[in-house]
1. Starting from segment 234-250, take each residue that is within 19 Å of Glu192 (Cα to Cα) and touching a residue at least 40 places away in the same chain (Cβ under 8 Å) and list its partners that are open to solvent by 10 Å² or more (accessible area, probe 1.4 Å) and among the charged types (D, E, K, R), counting only C-beta distances under 6 angstrom and pairs at least six apart or across chains.
2. Could you grab me the full set of residues in segment 241-284 that are open to solvent by 10 Å² or more (accessible area, probe 1.4 Å) and of a type in the set (A, V, I, L, M, F, W, C)?
3. Among the numbered criteria (1) open to solvent by less than 10 Å² (accessible area, probe 1.4 Å); (2) under 23 Å from Leu145 (Cβ atoms), which one does Leu234 miss?
4. Among the listed residues Gly115, Gly150, Gly106, Gly154, identify the single one that is in contact with a Phe, Trp or Tyr (Cβ under 9 Å, 6 or more places away or on another chain) and either of a type in the set (Ser, Thr, Tyr) or over 19 Å from Pro167 (Cβ atoms) (or both).
5. Report the residue count in segment 169-183 for those that are assigned to a helix (DSSP H, G or I) and either open to solvent by 60 Å² or more (accessible area, probe 1.4 Å) or touching a helix residue (DSSP H, G or I) at 6+ places or on another chain (Cβ under 6 Å) (or both).
6. Among the residues of segment 26-67, write down those that are farther than 17 Å from Ala258 by Cβ, over 17 Å from the mean Cα position of the chain (by Cα) and of a type in the set (Phe, Trp, Tyr).
7. How many residues does segment 139-188 contain that are on the phi > 0 side of the Ramachandran plot and modelled with pLDDT under 95?
8. Residues of segment 25-50 being open to solvent by less than 30 Å² (accessible area, probe 1.4 Å) and either basic (Lys, Arg) or assigned to a helix (DSSP H, G or I) (or both), which ones?
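The values are calculated or read from the model by the stated rules, or taken from the named source; none is laboratory data. Treat the numbers as computed from the prediction; the structure is a model and nothing was measured. Every residue, glycine among them, receives a Cβ derived from its backbone with ideal geometry; neighbour counts consider all protein chains shown. Protein only, heavy atoms only, side chains kept; ligands, DNA and RNA dropped before computing areas. Shrake-Rupley method; radii C 1.70, N 1.55, O 1.52, S 1.80 Å.
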Amino acid sequence: MPSLIARAAAAVAASALATAALADAANYAGPTMDLSSTQPEFRIGFLGDEAAQDIIARNECLQDYVEVAFGVPAKLFTFKDYAGTMESFVGGNLDYTWFGASGYAGLYLQDPEAGEPIMTRMQPTGDTGYYSVMVTRADSGIASLDDMKGKSLGFADPNSTSGYLIPSIELVDQVGDVDLYFGETGFQGGHENGVLAVLNGDVDAAVTWVSGVGAWEEGYTSGNLRKMVDKGILNMDDIKQIWSSNLIPNGPIVMRKALPQEAKDTMIGMKQWIHENDPECSENIANGIVKAWVPVDHSFYEVIVKARQAKIEAAKTN
């Protein structure tokens with residue numbers, strides 16, 4: 001495990017990157033609109049899947065760009081879990097959140113009018129999807145899913161697509177009843193915490209999200225493992241991957257549905273401008289390397305909405 005000094009150095013580095021992005025936001029030449037006639041501020045919410053200070057440090061450049069593009073102060077909000085972000089969004093207290101597909105599905109099932117998907121990330125390969133993977137310690141002696149029988153498995157969050165919904169469905173086809181196959185299952189409080197629990201020996205394996213493309217030693221091109229490697233809290237030599245899901249639709253950037261269409265169009269254009277002109281900020285706010293941001297709508301997530309609805313219905317009958 002990395003030392004406290006290494007963690008501090010990583011935090012300082014992240015802060016320096018965010019500070020360096022300030023000058024780039026001042027040079028922003030993408031689309032703009034005056035949002036002040038609609039509301040006095042722009043509220044950005046984040047899922048609780050890593051330490052709040054890391055989320056804020058990595059997204060300070062996004063805050064700067066939003067203020068330039070919309071002409072109002074931008075505020076960043078973090079939550080201890082996915083449910084907190086979803087509840088705040090349903091309550092009309094957030095204008096923008098990058099949800100996972102299952103998180104958006106949960107939001108939609110609570111209130112179809114709360115939020116609207118406007119775009120998602122495209123991987124360097126051109127895919128608009130990612131993967132749930134199961135990882136264990138490299139020295140655990142666990143080499144495959146067969147070796148996990150009777151062992152403990154950590155899920156990330158009940159509202160996570162890759163950290164719960166998809167593995168809880170797909171693993172059934174391979175091992176049968178998940179609760180009977182694994183000796184113990186439980187939620188770890190986010191993706192980062194799940195991997196840290198593996199490294200600390202608290203669970204035998206955990207599921208998390210990755211792009212599934214790029215170099216393993218870098219944590220792939222993007223995803224939770226990549227974020228942890230970049231922060232200096234994970235050496236990929238210390239873990240191994242023993243299972244992968246099928247391709248999952250990338251989670252959407254969701255904006256409050258009641259916002260004017262001009263605001264949504266401005267956000268799409270702003271993110272594209274950042275991607276093309278400020279790659280450092282783009283990588284920070286995209287949790288890794290992306291090829292482009294592409295427009296999406298609700299139809300892209302209908303299969304996930306149906307899967308989540310089926311999960312809810314099944315729970316009612318048990």
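1. Ser245/Glu170
2. Ile242, Trp243, Leu247, Ala258, Ile268, Trp273, listed by residue number.
3. Of (1) open to solvent by less than 10 Å² (accessible area, probe 1.4 Å); (2) under 23 Å from Leu145 (Cβ atoms), only one is false for Leu234: (1).
4. Gly115
5. Selection size over segment 169-183: 10.
6. Tyr28, Tyr65
7. Number satisfying all stated conditions: 0.
8. Across segment 25-50, the qualifying residues are Ala25, Leu35.
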